[in-house]
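First the structure, in the form of structure tokens, and then the observations on it.
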Amino acid sequence: MSAIRIAACSELGARRYNEDALAHGHAHNGHYAVLCDGAGGHRRGAEAAQRAVACVERALRDESAIFSPAMLTQLVLRAHAELLAHQESDQADARMHCTIVVLWIESTGHHVLWSHVGDSRLYRFRHGHADVVTSDDSVVQRMVQSGLIRPEQTQDHPHKNQLLAALGMDGDVEPNTVVRPVELFEGDAFLLATDGWWGTFDDAALAKSLARSLDPAQWLADMREQIQARGVRGQDNFSAIAVWLGDPGEVTNPDSEDTKPRGIPAVRG
């Protein structure tokens with residue numbers, strides 16, 4: 001397996017404060033990337049995202065962390081408990097919460113795990129094809145799954161920002177964690193993205209951006225320029241982490257039906 005390369009980007013957009021937070025790195029237990037999108041009164045969204053990222057990163061860097069779906073689920077639940085322990089009000093509009101998406105590549109580089117809560121997403125790219133491997137914990141996503149609306153109607157839907165689950169919300173959460181380690185292949189690429197980022201693109205646009213990029217940083221820069229060029233009024237904070245295993249361009253063969261990736265379903269627990 002070739003070297004793993006990671007780049008990150010977090011932008012303010014048209015907001016006064018950036019309530020996204022992210023981290024990535026390499027530790028004894030492998031490579032990792034963590035991304036959170038915060039919300040809450042009195043700028044507590046930023047606090048929520050920062051606390052959750054720091055909590056998960058600290059745990060992933062602990063040498064006692066065993067690479068397994070159960071461990072990853074527990075790390076996400078630990079971040080949820082961290083936010084609950086620091087809530088300062090019972091008023092819903094004053095509580096802090098955040099989404100989270102985590103990618104964890106084992107130290108051998110042969111397998112990967114992921115988990116998420118909320119509507120921050122993980123995309124996998126293989127042989128030129130994009131595959132969304134997470135499913136948003138949101139009202140509009142459930143409406144799509146129920147056949148009430150079409151996917152293209154979600155962008156302008158009045159309930160598009162309503163979440164069904166987030167870290168820091170009252171009660172328990174059930175992280176969406178893959179049931180078993182997923183095999184990695186040379187040229188695989190991943191994108192962790194907040195809704196402020198992924199809301200600009202469909203899968204084809206993301207794949208085209210990847211195809212014209214020479215490294216993860218250039219890929220993020222290309223997408224960032226597209227978001228900024230739209231000039232959306234009230235543009236949300238937008239953040240992403242790109243993870244490359246080798247060079248995706250060297251193994252891309254979009255015309256081969258046999259190379260299309262098959263989605264790995266996430267499970268609760």
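Note that the range 8-14 has calculated 3J(HN,Hα) couplings of 9, 8, 9, 10, 6, x, 9 Hz, one per residue in order, obtained from phi through the Karplus relation 6.51 cos²θ - 1.76 cosθ + 1.60 (θ = phi - 60°); glycine and proline are x.
Ordered by solvent-accessible area of protein heavy atoms (1.4 Å probe), largest first, the residues Leu84, Leu214 come out as Leu214, Leu84.
When both the range 58-107 and the range 22-47 are represented by their alpha-carbon centers, they are found 9 Å apart. Expressed as a whole percent, the proportion of Cα-Cα pairs in the range 71-136 lying more than 17 Å apart is 56%. Grouping the Cα pair distances of the range 158-249 into 10 Å bins from zero gives a pair-distance distribution of 13, 38, 32, 17, 1 percent in increasing distance order. Computed over the range 1-40, relative contact order equals 31 percent, with contacts defined as Cα pairs under 8 Å that lie 6+ residues apart.
The values are calculated or read from the model by the stated rules, or taken from the named source; none is laboratory data. Please read all numbers here as calculations on a predicted model, not as lab measurements. Calculation scope for accessible area: heavy atoms of the full protein, side chains included, ligands and nucleic acids excluded. Shrake-Rupley method; radii C 1.70, N 1.55, O 1.52, S 1.80 Å.
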